[in-house]
There are 2 protein chains.
Amino acid sequence: MDSSYIQVTPIKQSKIDTVDFNKLDFGRVFSDYMFECDYKNGEWQTPVIKPYGPISLDPSARVFHYGQAVFEGMKAYKDDNDDIFLFRPDENLKRINKSSERLAMPAFPENYFFDGLTKLLHLEKNWIKKGFGNSLYIRPFVIATQPAISASPSEDYKFMIILSPAQAYYAGEVRVLFAEKYSRSANGGVGFAKAAGNYAAQFFPTSLAHKKGYQQIIWTDANTHEYLEEAGTMNIFFRIGDKLITAPNNDRILDGITRKSIIQLAKDNGIEIEVRPVSVAEIKDAARKGELKEIFGTGTAAVINPIVGFGHSEEDFELPKLEKSYASFFKEKLMNIQYNKSQDPYGWRVKI
Amino acid sequence: MDSSYIQVTPIKQSKIDTVDFNKLDFGRVFSDYMFECDYKNGEWQTPVIKPYGPISLDPSARVFHYGQAVFEGMKAYKDDNDDIFLFRPDENLKRINKSSERLAMPAFPENYFFDGLTKLLHLEKNWIKKGFGNSLYIRPFVIATQPAISASPSEDYKFMIILSPAQAYYAGEVRVLFAEKYSRSANGGVGFAKAAGNYAAQFFPTSLAHKKGYQQIIWTDANTHEYLEEAGTMNIFFRIGDKLITAPNNDRILDGITRKSIIQLAKDNGIEIEVRPVSVAEIKDAARKGELKEIFGTGTAAVINPIVGFGHSEEDFELPKLEKSYASFFKEKLMNIQYNKSQDPYGWRVKI
């Protein structure tokens, strides 16, 4: 790999010593450098790496008005030998380009993505801390920059990668509300894409759930609210007896990389897994019978997030506390691969 | 009204002489000044007016990642006496705050909105050209500015108003496609709001429609695709015989100000109007029988946009060319009110 074409503007001084790596709020502190690439005149220009700092945009830039923006979430991990690893990064590139296509935005070239990301991470290797659970969160994103407020696709874009150090994510006891009124996405909509607008749309219903004592919402299908889909920043798995169930992908549900890794791990570890529609009625029924053992969310930020209870239609259900949960089994399996502590028969771990 | 608290930073030189007002592309040229107000520490700060120019944001600003952004569209009109008018501006304020609420954003204060807008328009009065059809397009918008990429509502926002001179809008012959696969919004979603993300989601399906020879899409309900809803930047009216029909508002359809004005005008001018679900089957059936006389879109930018034909399920329908269309009747009525050429029994016209 020759990434010498990506020019680096050096920082004057690193801010790394001002950061307390044992006290990190997610997504608030950013590293010294950022990767930037502009799309103009129908093509991506030569990317650059430069000191992290503000970007200047015309107030008419389309991203501000029409939400033409997509993103990805990834992590870089360090093992005890100071080697740096990514987890299935090809999937992130594929997905950001799929998201971009749905929002009428140009695909980002594979070589710019991997050359830029690798160069950036090598430059910022001190920001990746050793230790199980520590990581450098990677946020690639694309925004529409053309200064024009007609409601049509932008001609200019900016692709960026910014980095934020992260600790093991613990969200506290997570109780979820099954959605009955509000929805996250429509058939034929953009729910499968990491489109910026999908997230803002969830904030208000989620704040209502907070007030009722739930931390997150599990979204249901917008049409009937009878089927459980995803949690907005996580895919969702249900364990009934010893069987694991998760909703199939469709154009409303994000094709989560952690999700598909867990489906694979389940298959290869003798855990029965069904990928099929999951109804609210089925889950409530299983909970009443004591057969619902676990619900957990999966995603890059949280890896696996166990859920302690759920509410639906003014009724609350508690989940049992298990000694040997699937959630902890999968979390360990996955993190061992990510942190180079186990074999990786799948080729998911990529050393950079 | 005392707007002296809104400080104005003067421009060095106006760029108005560089603008050809007879050759304006919509939304590409902006006036000399802009209005800006920041939300910090739980309150809106004192707004300012300053020279139009780039804004600087951290790359982690939430608007770039989570689409927390809403906007409005308005116009300022000038009559032959150089008086300046707005059309139902209270409705725009109400709606931007309704949009903001749905996206978990703070409401903007009424006095800041009207003081700021009035002061800005008086400062920019030379940008409002006389003549039927000429206007100064007004774009208020709010964006989430907090530098933090956790998926939750921003704590900081920026409210801005920018201005763009506009000529009478003529979109050419508009042929529309009735949506069969893609959707604009879900039940329980944000379709009723002018949320930024609603617009980017339409660009790709619209580009597919363009390739098939249609300029716009009329969105149908995401569930069955059997009912006609709105066109993304326009509400839609259908005329069967002498009766006008338009879909009712719901949480998927924008509560258009032009739309509700036309409903009122229809009622007061003896035109039968029904506000009820409109099915694709009914419209195709009426077209086949020769009873479908008109389809037109309504919105601030276009005022009224007549549609010459539509396609659905690989079948195309042409609409008759009428001498006395409802579209031209309403357009004249509405513009006479807007440009102070007729009485305004409704109090819609506001002189500033």
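Within 10 Å of each Cβ in A:140-150, how many Cβ atoms from other chains are there, averaged over the peptide?
4
Label B:Asp344 and A:Ser56 with points 7 Å out from Cα along Cα→Cβ: what is the distance between them in nm?
Placing both labels 7 Å beyond Cα along the Cβ direction yields 4.0 nm.
Within 10 Å of each Cβ in B:175-181, how many Cβ atoms from other chains are there, averaged over the peptide?
1
Taking only Cα atoms and a 10 Å spring cutoff, compute GNM fluctuations for chain B and point out the largest among B:Asp285, B:Asp82, B:Asp20.
B:Asp20
Alpha carbons only, please: Rg and Dmax for the stretch B:7-166, in angstrom.
Final numbers for Rg and Dmax: 16.2, 53 Å.
Calculate the length of the line joining the C-alpha centroid of the stretch A:245-306 to that of the stretch A:1-50, in whole Å.
For the stretch A:245-306 versus the stretch A:1-50, the Cα centre distance is 35 Å.
Helix B:326-338: angle to the longest alpha-carbon principal axis of chain B, degrees 0 to 90, nearest 10?
20
For chain B, with every protein chain kept in place, what is the accessible area per residue (1.4 Å probe, Å²)?
Accessible surface, normalised per residue, equals 40 Å².
Let me confirm one metric for peptide B:103-112, namely the mean number of other chain beta-carbon atoms within 10 Å of its residues' beta-carbons.
2
Describe numerically, in nm with one decimal, the distance between label points set 7 Å from Cα along Cα→Cβ at B:His210 and at B:Lys130.
3.8
Give me the net charge for the shell around A:Asp156: Cβ to Cβ below 15 angstrom, other residues only, Lys and Arg +1, Asp and Glu -1.
-1
Pop out a list of residues from the stretch A:23-72 that are at least 50 Å² less accessible with all the protein chains around than in their chain alone; 1.4 Å probe, no ligands or nucleic acids counted.
Buried by the other chains: A:Arg28, A:Ile55, A:Pro59, A:Phe64, A:His65, A:Tyr66.
Between B:Glu272, B:Glu36, B:Glu124, which gets the highest mean-square fluctuation from a Gaussian network model of chain B, Cα cutoff 10 Å?
Comparing B:Glu272, B:Glu36, B:Glu124 in the GNM, the peak value goes to B:Glu272.
Distances from B:Gly309 to the same residue in each other copy, label points 7 Å out along Cα→Cβ, in nm, shortest first?
Here the equivalent label points are 6.3 nm apart from this one.
With solvent modelled as a 1.4 Å probe, how much accessible area in total do chains B and A shield from it at their shared surface, in Å² to the nearest 100?
Answer for the B-A pair: about 4900 Å² buried.
Relative to the other copies, what are the label-point distances for A:Lys50, with labels 7 Å from Cα along the C-beta vector, expressed in nm at one decimal and sorted shortest first?
Relative to the other copies, A:Lys50 has label-point distances of 2.0 nm.
Taking each pair of different alpha-carbon atoms in chain A once, compute 1/r for the pair, average those values, and report the inverse of that mean as the Kirkwood hydrodynamic radius in Å to one decimal.
In chain A this quantity evaluates to 21.4 Å.
Would you mind telling me the share, in percent, of accessible area of the stretch B:29-141 contributed by carbon and sulfur at probe 1.4 angstrom?
44
Considering only DSSP states other than H, G, I, E and B, which GluC sites (Glu not before Pro) in the stretch B:306-352 qualify as loop sites with at most 15 other Cβ atoms within 10 Å?
B:Glu314, B:Glu323
Which distances, in nm and shortest first, link the B:Pro320 label point to the same label point in every other copy, taking 7 Å along Cα→Cβ?
Between copies, matching label points for B:Pro320 lie 7.3 nm apart.
I need the semi-axes of the equivalent ellipsoid of the protein assembly as shown: take the C-alpha gyration tensor, multiply each eigenvalue by 5, square-root it, list largest first in whole angstrom.
Result for the protein assembly as shown: semi-axes of 45, 32, 22 Å.
Please list A:43-54, B:211-222, A:293-304 highest first by mean number of surrounding beta-carbon atoms within 10 Å per residue.
The packing order, highest mean first, is A:293-304, B:211-222, A:43-54.
Ignoring everything but the protein chains, give the 1.4 Å probe accessible area of A:Glu110 in square angstrom, nearest 10.
Per-residue accessible area (A:Glu110): approximately 120 Å².
Grab the residue from chain A whose Cβ hugs the A-to-B rotation axis most tightly, plus its distance in whole angstrom.
For the rotation taking chain A to chain B, the closest Cβ gives A:Gly197, 1.
Taking R0 as 41 Å, what FRET efficiency do you get between B:Ile16 and B:Asp268 from their Cβ-Cβ distance, rounded to the nearest 0.05?
The pair B:Ile16/B:Asp268 has a calculated efficiency of 0.55.
Scan the stretch A:86-126 for trypsin sites (Lys or Arg not before Pro) in coil per DSSP, keeping those whose Cβ has at most 15 other Cβ atoms within 10 Å, and list them by number.
When the trypsin sites (Lys or Arg not before Pro) of the stretch A:86-126 are filtered for loop state and at most 15 Cβ neighbours within 10 Å, nothing remains.
Go ahead and set up a Gaussian network model of chain A, Cα springs under 10 Å, then flag whichever of A:Val278, A:Val142, A:Val70 fluctuates most.
Top of the fluctuation ranking is A:Val278.
The values are calculated or read from the model by the stated rules, or taken from the named source; none is laboratory data. A quick note: this is a predicted structure, and the numbers were derived from the prediction, not measured. Cβ sites come from the backbone with ideal geometry, for glycine too, and all protein chains shown count toward neighbours. What goes into the accessible areas is simple: the full protein's heavy atoms, side chains included, and nothing from ligands, DNA or RNA. Shrake-Rupley method; radii C 1.70, N 1.55, O 1.52, S 1.80 Å.
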